[in-house]
Structure formats: structure tokens, C-alpha cells
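Everything below concerns the one structure shown next.
The values are calculated or read from the model by the stated rules, or taken from the named source; none is laboratory data. These figures come from a predicted structure and were not determined experimentally. Neighbour counts run over all protein chains shown; Cβ positions are idealised from the backbone, glycine included.
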Amino acid sequence: MRRLLVGTLVLALPNAFPIIASAQRFEVTVSRTAHTEAITGRVYVAVSRTHAPRTPIEQTGETGVPIFAVDVNALAPGTSAVIDASAFGHPLQSLRDLPAGDYWVQPFVNVYTRFARADGHTVWMHMDQWEGQHWQRSPGNLYGEPVQVHWNPASRSAVKLTADKVIPPVVVPNDNEYVKRIKLQSATLTKWWGHPIFLGATVLLPRDYDKHPDVRYPIVYDEGHFSLRAPGGFGDTEGRGAAFTHYWLSDSAPRMILVTLQHPSPYYDDSYGVNSANNGPYGDAITRELIPAVESRFHALGTPWARLLTGGSTGGWISLAHQVLYPDFYGGTWSLCPDGVDFRYYQIVNVYSDSNAYWLDRGWMRVERPSQRKPDGNIVAMMKDENWWELAQGDRSRSGGQWDIWEATYGPVGDDGYPKRIWDKRTGVIDKSVAAYWRDHYDLRYILQRDWPTLGPKVADKINIYVGDADSYFLNMGVHLLDEFLTQTSNPKWSGEIVYKPMAPHCWGPSLEELLPKMATQVERHAPAGAPHGWRY
């Protein structure tokens, strides 16, 4: 996370002594000079034993320092939001659990926007400001400087904090000879959300592009999390980006266009690229608005056999889902470490047969379920902690976190207009009706198996997957289940490849230098007679 600019906290004290009176609650006020309108959103206080080099807000996480939060509705400037023992927090669920002691505390305010959606629901969400849906660094959100306090749980007084600094707008990198960016307002999504929604693309052009104005190129869409950086790390001076830059400009690189897409939603830094009951028609907007805009502007061949997919993790799932759900639109996918492709292994939860996502019932005891590991088997984080961390950040799937975007993407709409939960966020109890909805709409292995007679002829030689067999989030297990199905297909038989690397963590996969020649071969294999060949220069 980028470091936030540091603001100022105002303490209601009779003197300037830096250690303030003990308190049982926090009262956070938005400075009138920082924000002049009433705020609907979420107010946080982070508590830490240190304040540098990272601020308390920056130290929060699934295994981080305590954070407590409350929703606010039309909070007027100059009035206070109260965070007391009733506010949900993580890893301490209540301020009553915070031991007496000296701490650094920091307030933060996440500003929500009203969306009157086309489905009849009105919801309040954080509107992305082209930062990639991260409330901790989103322009327009407010924060204050960390201040040291002495905390006494028995006290009835309050720590009064003021959020008086505003995160500035995002600075978009400049274009250059090879890297170009576009941003457009989606008519489809704007109509659905009842608010302007924007899509973007960062385009990497091949060497000598300007010298061949009549050439039309194959195009590769490299899906993944929101980023305004150049695709592949082009232009970096060290690391994998430097190696890729050297390759891209070499004689051996195929002359193709490489594109990353930007499609943050009000739920996450990436919409997951598909039509969704909660997220709206992102799949249609991407395939009917954004991709045509890219391909018409940058001399793409603009045909399915010359339109290819790749990506890792979130992008791994998107690249596979787009090939499966839009089989006539793309000519092949090379998916790296994809998120759950079979919800019998939603990481390591079977949403169809397990009763609880957090614990396994062993009769006399409950075994806690992990969510992240190291290749040697050591556990990094637990399922409940990742979910409770998200719940502290935002209720109703509004955390901007990983589990919440999966619910927003895969699930039906609840009665309140927000995603219907796959499991109770506090207890982990799984809702099997929601699981059945997930299976029918977004379980990629299930969809492929169910529809293979009609889908197979369109994708049998277009699916390739790569994953470490010690994936940090257990994502290799869903790939194994998909592999079991694909290897026994017939009429037609699947002819792609699935490759596992022993002991490799998330997100192992071949480099672009390895994948692009495979993609070029795929284009040549599927190009019809008489297709333009100028891109082979």
C-alpha cells in the first residue's frame, strides 16, 4: 500500500501535553475545512504500539494491528462519529478488549457515494477515484495524523480526534512511444449503476509500430488487478520488468499488442470482468465497449483468432472465465494461478458440502481452517481472520476485499440490495442456496462439464493453465479438479496444457517471454487462409 500523506489530529485537551487523558471511546470529527458536505460512509480508528515507518492505518490487516469502525449517515462537518465498545473491530472485536497502555491512534474516513441502480436497489458504496478501489489511498477520503494516547478501559472520557487532511487526486503516468492509455465512460455500466462508471486500458505497442501504419496486429489482454503501470512492467530498469523490456524490444519477440484493462467496481479494484447480479454488466461493457475501443484505435486485427487472454490470480480467473463465458470472442487463454475454478475447493472450502467455512467440527473440538500458507506448510493467516478483517473494513460486502468481491461477483442480490452472503461473516455458517447459485453461474469446471457438448468444440484447444502445487491460497486444488474433467473429455478432446510446479507458491506461472511465442503459434494455427501476415515482421 502506498504510504498516505500524513494529516493532523486535533485533541480536545486543556494543554498541549502529548499524552492525553485515558478514554473508553473515540470521537472522530471531520474538519469543516477538509470536507464541507455531510458524509455517508465509514469511520475508522486504528490502534498501534508504533507509528513509523508505517502509520497505524497502514499497519492494519488480517494479522495486523487493531482497527475499529462504524458506519455514518449524513455526518455533518464539525459533528462527531462515536466509536465505542459496540463498534466491530479486528483483531480485537471490541474496544473493551483493548488492554490499558500507551498507543498511537489514527482516524480515517471512507466516503461513500449513493448509487440508484437500474435493478431498483439503492446502495451506498465507495466510488473508485481511479486509484483501484482502495479506501486507504482513495482521493477524497480523509485522515488524521497518528497521536499517542494512554488508554484506560475504566475511564468514561473520550479521545477526540479530527480528520483534517484529504487524499489528493491520482497522478496518471505519462504516455510515451510505446505505452498509451485510454479511459472512457461506459454507457452500459453508467445506466446500470445510476452513476458515471469508467473503464480504461493501458496499451503496450510493439517495436516499430509507427513504421508500419498499415499492419494489423494480434492483441493479448493481460488481466489482473487495477494498475496504471505499463503492461509486463515495460520500462522498469530492474527485475522481471527489465527482462521483459529487453525481450519486447528484441528481434525474437512476436509483434503483438499487449493490453491491461482497468475496470474497478464499487466493490473491488477489479470487477472480475463478468456480468453479475451485484456488480452489473461488466462482461458486456468490456467486450462491447472497451475492447472495441482499444482495437479500433490501435490497429488490432480485431478477430477472435487474434484476440488472446492471460493473467494471474484474479486475472487468471478472469482470463479463463472470459474464454469459457465468451467462447466465440477469444482465441485462447493462458491462465496463471487462477482463483477458484471449482467451488468444491473455494480455496479449501467446499461450499456445497461443508457446513462452516471457518471451522471443521470434530465432535469434541473444532479445527480452525487456514486461508494462507507458505510452501513448507507453515500457516500465514486463518479464514476467520481474513473475513473478520473485511467485516471491520466494511459491512454488506463493502470492504473492498477479496472475499467480498467474490460474493459480489458470484452471488445473488440480497433483499437490502447488497450481495447475499455465501456464509455468515461472523460465524462462517454456509448458505447452501447461495452456493447453488454460485455453481450454476460461475463454477467454471461445472459450467464446462455441464455444457461440454456445445462449449467443448469452441474451447477444446484454447484452455491452458499454470499453477504452483503449493499455491499460497490452495488454488492448485481447484485446478486439479478441472484437470480431472478436461483430461477425460471427448467429442472433442481437450488439447491444451495444465502445468504444475512442485513447491511453487502463489502466483507461479511462465513469464510473458515464455507465453507470447505460444500465443503467436496459436494465432498462426487458427488464422484463416488469406489472413494478413504483416505482423510477423
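Computed quantities for the displayed model
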read-out	value
Checklist (1) on the phi > 0 side of the Ramachandran plot; (2) buried (at least 20 other Cβ atoms within 10 Å of the Cβ) applied to Leu142, failing item	(1)
Some residue of segment 63-78 being of a type in the set (Ser, Thr, Tyr), on the phi < 0 side of the Ramachandran plot and not in a loop (DSSP other than H, G, I, E, B)	no
Among the residues listed as Leu249, Leu301, Leu261, the single one being of a type in the set (A, V, I, L, M, F, W, C), under 30 Å from Ala116 (Cα atoms) and either surrounded by fewer than 20 Cβ atoms within 10 Å (Cβ to Cβ) or touching a residue at least 60 places away in the same chain (Cβ under 8 Å) (or both)	Leu261
Top-ranked residue of segment 119-131 - restricted to ones that are touching a strand residue (DSSP E or B) at 6+ places or on another chain (Cβ under 8 Å) and in a loop (DSSP other than H, G, I, E, B), ranked as surrounded by the fewest Cβ atoms within 10 Å (Cβ to Cβ)	Asp119
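Conditions (1) buried (at least 19 other Cβ atoms within 10 Å of the Cβ); (2) more than 20 Å from Met519 (Cα to Cα); (3) modelled with pLDDT under 95, marked per residue:
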{"position": "Gly312", "(1), (2), (3)": "yes, no, no"}
{"position": "Gln323", "(1), (2), (3)": "yes, no, no"}
{"position": "Leu336", "(1), (2), (3)": "yes, no, no"}
{"position": "Val341", "(1), (2), (3)": "yes, yes, no"}
{"position": "Asp376", "(1), (2), (3)": "no, yes, no"}
{"position": "Met382", "(1), (2), (3)": "no, yes, no"}
{"position": "Glu390", "(1), (2), (3)": "yes, yes, no"}
